[in-house]
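Read the figures in this text as sums done on the coordinates, not as results from a lab. Since this is a predicted model, take the numbers as computed values, not measurements. Cβ placement follows ideal geometry from the backbone for every residue including glycine, while neighbour counts extend to all protein chains displayed.
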Amino acid sequence: MKSMYRKYFAISLLILCFFSCNNDDNQVLFEDSPAERIAQGNSEVLSLLTSEAQGYRGVYFTKNDEFGGFTFYLKFNTNGTVDMTSDFDLETAIESSSFEVRLGTTTELVFTTRNHIQKVSDPSTDGLIGTGFKGTSVFQYYGNENGNLVFRDVRNKNSSFLELSPTGFASFEAESIMEAEASLAQRQNILPTIDSSVFQLLTVQNSTGTSNFDFNYDALRLYANPQITLSDGNVVEYNFGLNFNETGFVVSPAFEYEGEVYEEFLYDENSSSYVSSVNGTTATVYLSNTPSFFKDDVNGIGKVGRQIFISFIEDGVNPLTSPGFNNLIETMEFNVTQTDGRSDWVYSGLAYFAVPDPSGDVRVDVFFSNPSNPNLERAIYLLKPVTEDNKLFLTFEGVTNQLGFELFQQLSPFVQFWASVEGMYYTDEGTFSSDIVSYPNSSGTFTSLSQSNLRTYGLWLN
Amino acid sequence: MKKYMRIILAIVSVLSFMSCSNSGDSVGESQIDTSTPILNRLDVWLRSNFVEPYNIEVLYKWDINDTDIDRFLHPPLQSSVRPVAIALQKAWVEPYTEVGGVDFIKNIAPRQFTFVGSFNFNPNTPTITLGIAEAGTKITLFNIDYLDFSDINSIKEPLKTVQHEYGHILNQNIPYDPIYNQINPQNYNANWFNRTDEEARELGYITAYASSQGSEDFVEMVSEMLTNSKTGFDAIVNSILNPESKAIIRQKEAMVADYYSTNFGIDIYELQELAYKGMVELVK
């Protein structure tokens, strides 16, 4: 019996011996240790960054569901510094700062001291206090796509990207600044001028015909919210950010409409428009004399909540008041100060009283501050309103106060604005906001269809 | 047979033990990169002036983990760093060292300063955070890119923050007398930012922020005393119209002076003079 146990024991030990010699981890998955592979990953990215003697052109969308993008020009040096310029603003001088490639959540490119790229994460940015453009200084490396290095911001990884492509410059110092300044010029081309119409449209022409969108461009955020009103009255809207370059702009996300994808728009100087051509179709951003669709907001005028419209300088600036209208204000003010005893008068604002009087007239008042009078001076003009085809037609009826008579000639541009032969186009614009205040009052715009460069923005008192 | 069995058993046992032996390489050199990073002249200067003498690290190169990831902030310009570091030396380190001894700052000090270039706006309130102290070991200073060294009031802001936060660190080492919190607790309010400093003073608090709670009240007194001359501080107190409030501020001042004297052997008025002198020297 004992002998049998011994045999079993010997056999068990033999099996154990053979299995203990069994090599089951001979599969070499990686040549290097994790630490070495991490260091190698960082080293590869660093090497890619510093290998481009003429640097990279970096298109950076901080958050393409809220903002457009900016272009940065970056030359990475082996001493840990990076030379940089950008088209963020007019300060295009090349600045030097430090950068690192290190391991964070993955291999990260970190701009460790301030340079152009931190302009998008500056919370002191006018109009975007607290957040700026919601940018970052830390970028996760997502890969090399055909020589373009793609990075993302972990906070906005689905809407943010920094894509670096070699500049191909002969001289980084000279050409980067030139390109940034050309891009800034393109950014100006899209803005309304004193003479240009306020109606900016996006029109798509394809085999099914022409589709017109109101472009709704927000110059502060470099963001567009094109809207098209369908024949059934429903509104369909799109959203994308713009990144300007020396030839026009690219949009992100790409604009997809009726099976085509429009991404790159080229500026056509002759027509002052931006055109994207894809497979025989075109998408064009341009200025029109009329909106894409006449909304019926005008039908609410004169009713409760739309009775007295005012627009006063003291309430701040909103870009919906057009440069042309600001120019009209300056003209009026200049005209008035040329008359006897009024050299120190200053334009204060305007009011439109939308409820007709017993004679069926409405009135517009224009106000001036006179240092000799604690009350505002006002000139009053009467107009007869007719609403037709979603337009407001105001016919000049007369003057009702002495100042209105005395300044009739000087204020005639103001009267002509309201008494537009082609009518006025009115739009509701939500609650009132400007660069200095926000009020819960409803706001709106009036645009002259005879002079489509003139649009005023204001609020409804009641 | 038995003999063979014994031999086999012996061989198998030896093989068994050998098979369990570790035949791998011995532990080699660490694979973690511990090489010295690239140091620029500023880094070398900071090491010589803060790390070596005081074991205080001044961080200015961006690390997303040094600040609140939900805030939109940016690193400072490299050129902003040294002037602020010098301000810390002149108006905080050197005065404390002179009155408290060479080891005072070495023994009780934040181990790390983080400099941030941008303002730190607080969401949903009309306020900004000038600085943050964490567990007595780290002070973060914001908006250092926006300091104007030709204006003493501009320089005073970060120094107020440092004196304020350092006051907290001293309190964490030796708590102040809790009776201080009972002097005039009736107007402590979380919405302190709705008061101006002048309004707060008329209620017996040296600043609006001092009217938020007792611990902040104490260090705001420290901060105001150490960033103004005695004449300047007296002028602030004498501008208070309400005599009762003025007396309360003087009572708090006396408790702060006693705290420094009793616990650290420091005459706060001597410290005040040195700190203010250091601050004045910074103005270009």
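Take the Cα pairs of the protein assembly as shown, get the Kirkwood Rh, then feed it into Stokes-Einstein at 4 °C and 1.567 mPa s and tell me D in µm²/s.
In µm²/s, the coefficient rounds to 40.
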Springs between alpha-carbon pairs under 10 angstrom, Gaussian network model over chain B: which of B:Asp68, B:Asp148, B:Asp234 fluctuates most? B:Asp68
Kirkwood-based Rg over Rh for segment A:297-460 (C-alpha set), two decimals? 0.94
On each of the three principal axes of the Cα atoms of segment A:208-340, give max minus min coordinate, whole Å, ordered largest first. 64, 39, 25
Residues of segment A:150-169 with the amide nitrogen closer than 19 Å to a label point 7 Å from the Cα of A:Asp65, along Cα-to-Cβ, please. A:152-162
Crossing angle, helix A:323-337 versus chain A [Cα axis fit, 0-90 degrees, rounded to tens]: 40 degrees
May I ask you to list the aspartates and glutamates whose Cα is less than 13 Å away from that of B:Lys138, ignoring any residue fewer than eight positions away on the same chain? B:Glu57, B:Asp66, B:Glu165
Once the dipole of chain B is set up from charges on Cβ (+1 Lys and Arg, -1 Asp and Glu), the residue from the list B:Leu39, B:Thr129, B:Ser215 lying farthest towards its positive end is B:Leu39
Subtract the Cα-Cα distance of B:Glu199 and B:Thr129 from 0.36 nm times their separation in residues, and report this length gain in nm to one decimal. 23.1 nm
Would you be so kind as to identify which of B:Asn263, B:Trp62, B:Gly278 lies farthest towards the positive end of the dipole of segment B:41-282, taking Lys and Arg as +1 and Asp and Glu as -1 on Cβ and the Cα centre as origin? B:Trp62
Charge context of A:Gln54, other residues only, Cβ under 13 angstrom, K/R +1, D/E -1: -3
Structure shown: which of A:Lys75/B:Lys156; A:Lys63/B:Lys160; A:Lys63/B:Lys156; B:Lys106/B:Lys160 lie over 31 Å apart, alpha-carbon to alpha-carbon? A:Lys75/B:Lys156; A:Lys63/B:Lys160; A:Lys63/B:Lys156
Let me spell out the model: positive unit charges on the Cβ of Lys and Arg, negative unit charges on the Cβ of Asp and Glu, origin at the Cα centre of the protein assembly as shown. What dipole size does that give, in debye rounded to 20? 3080 debye
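Calculate the dipole size of segment A:34-183 relative to its Cα centre from +1 charges on Lys and Arg beta carbons and -1 charges on Asp and Glu beta carbons; express the result in debye to the nearest 20.
Dipole magnitude for segment A:34-183 comes out near 540 debye.
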Taking chain B as the reference, fit the longest principal axis to its C-alpha atoms, fit the long axis of helix B:78-88 to the helix C-alpha atoms, and give the angle between the two in degrees, 0 to 90, nearest 10. 70 degrees
In the protein assembly as shown, if the dipole is taken from +1 on Lys/Arg beta carbons and -1 on Asp/Glu beta carbons about the Cα centre, which of A:Leu266, A:Leu202, B:Asn184 is farthest to the positive end? B:Asn184
Using the beta-carbon distance between A:Ser124 and B:Asp148 and R0 = 22 Å, what value does 1/(1 + (r/R0)^6) give for FRET efficiency, to the nearest 0.05? 0.90
Just need the relative contact order of chain B here, percent rounded to a whole number, with Cα pairs under 8 Å and 6+ apart. 16 percent
Tell me which lysines have Cα within less than 24 Å of A:Lys303's Cα, excluding those fewer than 8 residues away on the same chain? A:Lys295, A:Lys384, A:Lys391
How far is it, in nm, from the label point at A:Ser47 to the one at A:Thr208 when both lie 7 Å from their Cα along the line to the Cβ? 5.1 nm
How about B:Lys61: which aspartates and glutamates have a C-alpha closer than 17 Å to its C-alpha, ignoring those fewer than 8 places off in the same chain? A:Asp83, A:Glu95, A:Glu100, A:Glu108, A:Asp122, B:Asp43, B:Asp145
Cut-off 15 Å between beta-carbons: net charge of the residues surrounding A:Asp340, Lys and Arg +1, Asp and Glu -1: -2
Can you give the Kirkwood hydrodynamic radius for segment A:34-183, in Å, rounded to one decimal and based on Cα pairs? 15.5 Å
Suppose every Lys and Arg Cβ carries +1 and every Asp and Glu Cβ carries -1, with no other charges. What dipole size does segment A:297-460 come out with about its Cα centre, to the nearest 20 debye? 220 debye
Tally Lys and Arg at +1 and Asp and Glu at -1 over the other residues with C-beta under 13 Å from the C-beta of A:Ser369: what net charge comes out? -2
Would you mind checking the radius of gyration and Dmax of segment B:41-282 based on alpha-carbon positions, in Å? 17.5, 54
Going from the fewest other Cβ atoms within 10 Å to the most, one would list A:Ser369, A:Ser33 as A:Ser33, A:Ser369
